[in-house]
Amino acid sequence: MTNIGLHQYPRMDQVIFGKPAGQALREEAERLGAKRVFLIVSRTLNTQTDEIEKIRKALGSRYADTFDGVPQHTTRASAVAATAKAAEAKADLIVAVGGGSVVDAAKIVLMCLEHNIEEESGLDGFELVSTPEGPRPGPFRAPKVRMIAIPSTLSGGEYNSGTLVTDTRRKLKQIFSHPLMMPLSIILDPEITRHTPQTLWLGSGTRAMDHGIEAVCSPKGNPLVESVCLRGLQYLYDGLLATKENPDDLEARQFCQLGSWMSAFGLQCHVPMGASHAIGHVLGGTCDVPHYLCTAVMMPSVLRYNQPVTDKAQRKIAEAWHAPETEAGDVFAQFIGRLGLPGHLSEVGVTGERFELIGRNAMLSVFTRANPRAIKGPEDIVEILQLAA
């Protein structure tokens, strides 16, 4: 029997690597004809390093202004504040320089600019919702202003057209999506990542692996996605161990960046993620667990839960990690230990009394419906959480 499938290419121009970030951004601004480049950046990079100043100088007269007030788990309040400053600067290009929260903020700012959203409540009704027919995006118009991403971590959110924004009124992280929220270009400069704290670097790398693992295990994947993601998982496995041993190894850091890019190939081509993403979003938005630690504590248990229906895929993943005779969940758990990251929910402050709430909130996620092993209700989420306790 032949397979039936579909592969969608993302709405982006290019990934640029091997050049200093400032030089590559200046060339991109010139190519796009941008005259008012607005930077949304990591506060640490802006205040404790000279990396953002180097980018400002490289842009010269094209530089408009900088916003560095994005908190962890990007909030609606920070998005509205950044939008107001970008509008005042008459921005015609948004550039995110930093980790996943900064990239998410830049994406939603595009939409806030397009719809003149000035209050947190202005985003109500635009969130992605789960329906029996599949995920339904909110009614965003195509943004006239686009963005470029220069990531300083490995989480890989820059490679897709969705964004995660936390509604602090309800302690709920929501997904917003539009094809043109995808960055036009992504610039990979390992020099910028030297300033990223080691635990954040390693943890965000495991978050990038989450994309690849769930894409390979998804029943809606395809041979191209599988091949690219498996190579990305190998790059990340080897590169993260190398940078754990020697944080100054720029070649290994670029290896990790390339691995993050490849591991995100499925997600950027709309292969749906599964339970690890669904639960991870709730752990962040509801339980305040840092996003970069969610995969470390959850993925071994998700792999074990899904193993009965993804055995073939998991064997390929274990082979990419140089352990073809070992269960993928066990290989990943051992890998987390070698990186020195937390491997259980109790280590990140999440205990059993919160499991039912996490289960209920996770059932709101579009990714829960897409998990390869059916999740019928909150009790199935609780089962996975108990494995990770």
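The values are calculated or read from the model by the stated rules, or taken from the named source; none is laboratory data. None of these values were measured; they are calculated from a predicted model. We place every Cβ from the backbone using ideal geometry, glycine too, and count neighbours over all the protein chains shown. Heavy atoms of the whole protein, side chains included, go into the accessibility calculation; ligands, DNA and RNA do not. Shrake-Rupley method; radii C 1.70, N 1.55, O 1.52, S 1.80 Å.
For the reader, a short list of remarks on this structure follows.
- Any hit, region 238-256, residues being open to solvent by 10 Å² or more (accessible area, probe 1.4 Å), in contact (Cβ under 8 Å) with a residue 60 or more places away in the chain, under 19 Å from Gly100 (Cα atoms) and touching a helix residue (DSSP H, G or I) at 6+ places or on another chain (Cβ under 8 Å): yes
- Some residue of region 100-109 being β-branched (Val, Ile, Thr), touching an Asp or Glu at 6+ places or on another chain (Cβ under 7 Å), part of a helix (DSSP H, G or I) and within 15 Å of Ile148 (Cβ to Cβ): yes
- Scanning region 176-202 for residues that are outside any loop (DSSP other than H, G, I, E, B), farther than 29 Å from Val366 by Cβ and either in contact with a Lys or Arg (Cβ under 7 Å, 6 or more places away or on another chain) or polar (S, T, N, Q) (or both) yields Pro190, Thr193, Gln198, Thr199.
- Lone qualifier among Leu180, Leu200, Leu184 - being more than 26 Å from Asn46 (Cβ to Cβ) and surrounded by fewer than 24 Cβ atoms within 10 Å (Cβ to Cβ): Leu180
- Residue within region 262-284 that is of a type in the set (Phe, Trp, Tyr) and at pLDDT 95 or above present: no
- Residue check for Ser130: over 13 Å from the mean Cα position of the chain (by Cα) and not aromatic (Phe, Trp, Tyr): yes
- Residue satisfying all of: in region 344-365; under 12 Å from His281 (Cα atoms) and in contact with a helix residue (DSSP H, G or I) (Cβ under 7 Å, 6 or more places away or on another chain); surrounded by the fewest Cβ atoms within 10 Å (Cβ to Cβ) among these: Met363
- Complete set of residues in region 141-173 that are more than 21 Å from Ser42 (Cβ to Cβ) and open to solvent by less than 20 Å² (accessible area, probe 1.4 Å): Pro143, Ser161, Asp167
- For region 41-86, taking the residues that are among the polar types (S, T, N, Q) and part of a helix (DSSP H, G or I), the one that is farthest from Met111 (Cα to Cα) is identified as Gln48.
- Here region 287-297 is the region considered, the condition is being open to solvent by 10 Å² or more (accessible area, probe 1.4 Å) and out of contact with any Ser or Thr (no Cβ under 6 Å at 6 or more places or on another chain), and the residue that is nearest to Gly352 (Cα to Cα) is Cys287.
- Meets criteria (over 12 Å from Ile148 (Cβ atoms), surrounded by fewer than 17 Cβ atoms within 10 Å (Cβ to Cβ), of a type outside the set (D, E, K, R) and under 19 Å from the mean Cα position of the chain (by Cα)) for Pro20: no
- Odd one out for Phe335, checked against (1) closer than 24 Å to Ala389 by Cβ; (2) open to solvent by less than 10 Å² (accessible area, probe 1.4 Å); (3) in contact with an Asp or Glu (Cβ under 8 Å, 6 or more places away or on another chain); (4) outside any loop (DSSP other than H, G, I, E, B): (3)
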